[in-house]
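K.L.:
Take this structure, written in structure tokens, and hold onto it; I'll ask about it next.
The values are calculated or read from the model by the stated rules, or taken from the named source; none is laboratory data. What you are looking at is a predicted structure, and each value in this text was computed from that prediction instead of being measured. Positions of Cβ are generated from backbone atoms using ideal geometry, with glycine treated the same way; all protein chains shown enter the neighbour counts. Quick note on the areas: whole protein, heavy atoms, side chains included, nothing else; ligands and nucleic acids left out. Shrake-Rupley method; radii C 1.70, N 1.55, O 1.52, S 1.80 Å.
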Amino acid sequence: MSIRILIADDIEETRSLLKQVLTLEDDEFEVVGEAGDGEEVLKLCRKLNPDVILMDINMPKMNGLEATEEIMRTYPDANVIIMSVQNDTEYLRTAMEAGAKGYILKPINHEEVSELIKKTHSKGMNRKKSQPKEDLKDAKILSFYSFKGGVGKSVIALNTSVIMAEKLNHKVLLIDLDLHFGDISLLTNKHTEKNVLDLVDDDMTDSYEAMKNYFYNYCKNLDVLYAPLSPEGADYVSKDIVNRIISTAKQHYDYIVIDTGVNFHEHTLFALDSSDKIFFISSMEMTSIKNSKLGLGVMKSLNYEDDKVEIIINLTSEKFGISKKDIEKVFDRKVSYYIQEELKPIRFSVNRGQALALDSKGKMSRFYKTLLKLCKEL
Ligand SMILES: Nc1ncnc2c1ncn2[C@@H]1O[C@H](COP(=O)(O)OP(=O)(O)OP(=O)(O)O)[C@@H](O)[C@H]1O
Ligand SMILES: [Mg+2]
């Protein structure tokens, strides 16, 4: 296998000359990318995951030392070789402290650079071999779905994720797959964080290393992938991309929680198909119950087993003239969880933009206690 190299130098001529000498005379090398400034190096590094980065120091936007520091923060295994014109030991010491694995002085001698690349790469491989490997996981996928809007899907998906992560110590990724009208950024007060559309625009779906920069770490053990900020954005997120994100992320989390939209778009169907468990949510209102009955019929026609689909009745109250018994009779199914209507703590957390499950008062609510029970029973 060839050594994949990324060349970073602001002078185009230097880059193409280097590329020529590296690739023409040695088929062990493949130049996979070229960057003209420090910011571009970071971007290409995430996208291409190169084996070796040849890094110039004086570059616009972000110099080579800063870029090296930044790369090492995210990819401590990266093999950066600094190219410098300055034979200044102090300068090179700074580069090595920033995490560079080697350096070479300009003008660059072909044999010297070839040898250094091979040596640095092979040392890197040995380092990797001696490191304990991250155990690949196989996340369980939990989707929250409803056949009528406004029944509490998003609030429940968010708080379930927080409890699973923060309280029960599972590694969780929450995906806001309500691509047209996603509310998780509102519920967590994070409109300015990156979302799935940025991930698609930057074409960062090739690896977990690339995509994880678009997951926002909301609290201990919980990452969130937000939905686009406006409905048009949904058109650019295809089912294939959703598939790639889920199948890649599956290896790095214990649970992937999906908040779906009220629709039958292909990505929603894909999420439902991929789920180990679908929490089908209805409220205690007749219209919602009627739609949910239809929805459960659709679940059946999709050949989902009964134990894959669990019913949650949210906004439960004795005051509405419908009893739990009535509901189970209509569904001809047992309801797994009834969640009490509790305006005060939920409104407060929604308006504040902070998950109720992160708040000491919120943890006293019956809403929290029911979701904790649900999480423990998974
Ligand atoms: N158990 C509850 N008690 C009181 N209010 C609740 C409860 N559950 C949800 N709500 C309220 O209902 C509103 C709708 O909740 P949420 O946005 O989670 O629903 P949704 O099903 O995701 O809606 P959409 O279809 O718009 O995505 C929220 O503003 C929240 O305040
Ligand atoms: Mg919602």
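K.L.:
Given the pairs Lys190/Lys250; Lys277/Lys319; Lys277/Lys344; Lys190/Lys373; Lys212/Lys308; Lys171/Lys373, which span a C-alpha to C-alpha distance of over 21 angstrom in this model?
P.N.:
Lys190/Lys250; Lys277/Lys319; Lys277/Lys344; Lys190/Lys373; Lys212/Lys308
K.L.:
Follow-up question, since we're still on this one. Find the accessible area per residue for the chain; the probe is 1.4 Å, ligands and nucleic acids are left out, and the unit is Å².
P.N.:
Dividing the accessible area of the chain by its residue count gives 49 Å².
K.L.:
Next question, about the same structure. Among bridges DSSP assigns within the chain, what percent are antiparallel (round to 5)?
P.N.:
5 percent
K.L.:
Given the options Phe264, Phe280, Phe147, state which has the largest fluctuation in a GNM of the chain using a 10 Å cut-off (strictly under) for Cα springs.
P.N.:
Of the options given, Phe264 has the highest mean-square fluctuation.
K.L.:
Here's something else I'd like to know. Go ahead and set up a Gaussian network model of the chain, Cα springs under 10 Å, then flag whichever of Gly297, Gly152, Gly182 fluctuates most.
P.N.:
The residue with the greatest mean-square fluctuation here is Gly297.
K.L.:
Whenever you get a sec, compute what percent of the accessible area on the chain sits on carbon and sulfur atoms (1.4 Å probe).
P.N.:
49 percent
K.L.:
Quick one: Cα centre-to-centre distance for the stretch 113-145 and the stretch 355-372, in angstrom?
P.N.:
38 Å
K.L.:
Suppose each label sits 7 Å from its Cα in the direction of the beta carbon; what would the Lys171-Lys239 distance come out to in nanometres?
P.N.:
Those two pseudo-labels are separated by 3.0 nm.
K.L.:
When the Kirkwood radius is taken over all Cα pairs of the stretch 140-376, what Stokes-Einstein diffusion coefficient follows at 37 °C and 0.692 mPa s, in µm²/s?
P.N.:
It comes out at roughly 183 µm²/s.
K.L.:
If you don't mind, another one. Taking the alpha-carbon centroid of each part, what is the distance from the stretch 42-64 to the stretch 223-284 in angstrom?
P.N.:
Value for the Cα centre distance between the two parts: 33 Å.
K.L.:
Residue separation times 0.36 nm, minus the C-alpha to C-alpha distance between Arg347 and Lys61: what's the value?
P.N.:
Length difference between fully extended and current span is 98.5 nm.
K.L.:
Over all directions, the average projected area of the alpha-carbon convex hull for the stretch 3-130 comes to how many nm²?
P.N.:
7.0 nm²
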